[in-house]
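Every number here is computed from the coordinates shown, using simple stated rules; none is lab data. From a predicted model like this one, the values you see are computed outputs, not experimental measurements. Every residue, glycine among them, receives a Cβ derived from its backbone with ideal geometry; neighbour counts consider all protein chains shown.
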Amino acid sequence: MAEDGSVRSLSCPACGGTITIRAAGYTVTLACEYCGTLIDATDPAGRIITRYNEMQASLAIPLGTRGTLRGVEWEAIGWLQRSDGWATWEETLLFNPYEGYRWLIAQNGQWSLGTMLTAAPQRDGPDQIVGRGRFTPFYSDNTARVTRVAGEFYWRVKPGEEVRASDYVRPGSMLSLEQDDREKSWTISELLTGREIRAAFDVDPPPVWIPGMTPLAHQPSPYVRRIKGWWPIAALSFVALLVLLVLFGQTMQPQSFSLSVTPDGPAVSQTFGPIALPLGKQAMTVAASTPGMEQGWVDIDVAFVNRKTQDSYDAYALNEHYSGQDSDGYWSEGTRSQTLKVASLPAGTYDLVVDAQAHHWGSSGNWAFDPSSGTYKTEGLPPVEVNLTVARGARFASNFWLAVLMILVPPLLMLILHIMFENARLAQKDGPPADADDWLRGMESP
Amino acid sequence: MSRSSFLYALWCLAILGLYLTAASQGYSPFADGGRTAGAARAYGPTHK
């Protein structure tokens, strides 16, 4: 066995590979990183505990690698792989002579930094309290089994070693209880950001979660931060839209016109004007009302015709009103007034051309069969007054709601992804099914 | 402000800009004007 200061090295008695002991004095068991043979580090002769003819594991962080995590320089001295039957994860033992040991736990490309607690957490019902953090049960009574091992450890580890594990989570952290017949240990694992783990050990950053992937139990939803950061922007945009709706939704310079039409009489066409539009493009609002309409309808076609170009901008209103009595009593339907909004009329002078035709419905009037047209004609009904008020400008509520919808699309998309993420995360939970509290806790920040 | 918040703020600004442009031009895709050409017209009460 060679010795150089606090670092010692020896040759693997099984394969002859050089093994460095980096935590000399603390290390109890050495696993050859080349062949996996377990060696008693406390024996000066390097006694073989168990011989394994495995190939060297391909380690993401080679043993001996040093990296600085959260202000402390750590050296990777041991590596083991564990499985609970359906999930497999890797744990790298980190060592610093002043700080002791930490674990780097890698699963599904995500990395967590584990610290063993020196005192048991406080129990509060089913939850565990560590400091100000509340951890809720997630996995319970699983059996974690060591499947592969390399490097050096502070206990006599070997493949096949089993512990019973229970895990408690809060966003970004996991509290793990591992126990066997002899001892019980608590470890708190904090999820590392891609930037942290890459800066420390130059490993690949964690993959971005996409639907179909299984998140870690303590992995916070990546969408919560966005939703929380976006809603003030959405609220501010909503207020700005309201202000714009008020500012640009006003009508001005109303002009009123009227004409009379006889029910079931001929169509009436009348031209009003001039209507001057001095500026750019603007919308026009036409309010059409037929206050005397009963048991019938009026077709009202309006057209703004540019005197210079003869371009026509058309709109159509149907005012109708019906009423009667039946076994349920009085009923009525239809509306005697309509508001039309005509978009983007260029500047110019316009005529308002109105075509209106009134019709009577049913037999309450004085009607008679007209053999020439083959229809029933109503006679003696009073003419219907059609009142039109034309004003410059229009308030398009549809534009407003379309803009609101467009503003909400990204947050709604994030919300859907968040729900999918939490569904996938909570689907792994042991015990009672996830409830509203679990969902609310998923909205908490790490 | 995070990058995603900045991009979302840009998105909202773009929407506000489009709304402002439409409002200043008196434009709406849902305006009544010009929408009735060829549209079916149904008359009479639907009361039963």
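Taking the Cα centre of chain A as the origin and placing charges on Cβ (Lys, Arg +1; Asp, Glu -1), which of A:Y223, A:L191, A:H418 is farthest toward the positive end of the dipole?
Going by the Cα projections, it comes out as A:L191.
Restricting to Cα pairs below 8 Å that are 6+ residues apart, what does the relative contact order work out to for the range A:2-219? Please round to a whole percent. All intermediate terms of the calculation are to be shown ahead of the outcome.
Details: 490 pairs, mean separation 37.6, N = 218.
Across the range A:2-219, relative contact order equals 17 percent.
Towards the positive end of the charge dipole of chain A, with charges on Cβ (+1 Lys, Arg; -1 Asp, Glu), say which of A:N142, A:A106, A:L245 has the farthest Cα.
Of the listed residues, the answer is A:A106.
Under the rule that a partner needs its Cβ under 4.7 Å from the first Cβ, which Cys of chain A have none?
If one checks each Cβ against the other cysteines of chain A, every cysteine finds a neighbour under 4.7 Å.
What translational diffusion coefficient, in µm²/s and rounded to a whole number, does the Stokes-Einstein relation yield for the protein assembly as shown at 37 °C and a viscosity of 0.692 mPa s, taking the hydrodynamic radius as the Kirkwood radius over Cα pairs?
Numbers: Rh = 29.9 Å.
In µm²/s, the coefficient rounds to 110.
What is the range A:254-394's relative contact order, in percent, from Cα pairs under 8 angstrom and six or more apart in sequence?
On the way: 359 pairs, mean separation 61.2, N = 141.
Relative contact order here is 43 percent.
Which value, in debye to the nearest 20, gives the size of the charge dipole of chain A about its Cα centre, when Lys and Arg are +1 and Asp and Glu are -1 at the Cβ?
Working: 35 positive and 48 negative charges, 282 e Å.
The dipole of chain A has a size of about 1360 debye.
For an R0 of 56 angstrom, estimate the FRET efficiency from the Cβ-Cβ distance between A:L405 and A:R182 and round to the nearest 0.05.
Working: r = 62 Å, r/R0 = 1.10.
After rounding to 0.05, the efficiency reads 0.35.
How far, in nm, would the chain grow between A:E333 and A:R164 when pulled straight, counting 0.36 nm per residue and subtracting the alpha carbon separation? Present the calculation step by step, with values, prior to reporting the outcome.
Working: separation 169, 0.36 × 169 = 60.84 nm, distance 7.22 nm.
Extra length from A:E333 to A:R164 when fully extended: 53.6 nm.
Could you tell me what fraction of 2.2 N^0.38 Å the Cα radius of gyration of the range A:254-394 comes to, as a two-decimal ratio? Could the numbers behind the result be given before it?
Working: Rg = 17.5 Å, N = 141, 2.2 N^0.38 = 14.4 Å.
Output field value: 1.21.
Quick one, could you list the DSSP H helices from chain A stretching 30 Å or more along their long axis (Cα atoms) with average Kyte-Doolittle hydropathy of 1.6 or above? Mind dumping the intermediate values first?
Details: long enough: A:224-248 (35 Å, 1.68); A:397-426 (41 Å, 1.53).
Those that clear 30 Å and a mean of 1.6 are A:224-248.
Pairs of Cα atoms under 8 Å, at least six residues apart: use those to get the relative contact order of chain A, whole percent. List each step's numbers first, then the result.
Numbers: 954 pairs, mean separation 61.6, N = 446.
Relative contact order for chain A comes out at 14 percent.
Note the count of lysine pairs whose C-alpha atoms are less than 24 angstrom apart in the protein assembly as shown, limited to pairs 8 or more residues apart or on different chains.
Details: A:K158/A:K184; A:K184/A:K429; A:K281/A:K308; A:K281/A:K341; A:K308/A:K341.
Taking the protein assembly as shown as the scope, the lysine pair count is 5.
So what is the calculated 222 nm ellipticity per residue for the protein assembly as shown, using -39500 (n - 2.57) for each DSSP H run with n of 4 or more, over all residues, to the nearest 500 deg cm²/dmol?
Values: 5 runs with 91 residues, N = 494.
Mean residue ellipticity, 222 nm, calculated: -6000 deg cm²/dmol.
Counting other beta carbons within 10 Å of each residue's own, what order do A:E162, A:E294, A:E320, A:E152 fall into, fewest first?
Working: A:E162 12, A:E294 18, A:E320 21, A:E152 26.
Lowest count first: A:E162, A:E294, A:E320, A:E152.
Please list, in chain and number order, the residues 5+ apart from A:V28 or on another chain whose amide H is under 5 Å from its amide H, with Hs placed from the backbone.
Under 5 Å from the amide H of A:V28 lie the amide H atoms of A:F153, A:Y154, A:W155, each far enough along the sequence or on another chain.
Other chains near A:248-257: what is the mean number of their Cβ atoms within 10 Å of each residue's Cβ? Walk me through the intermediate numbers first.
Working: counts 6, 1, 0, 0, 0, 0, 0, 0, 0, 0.
Mean number of neighbouring Cβ atoms from other chains: 1.
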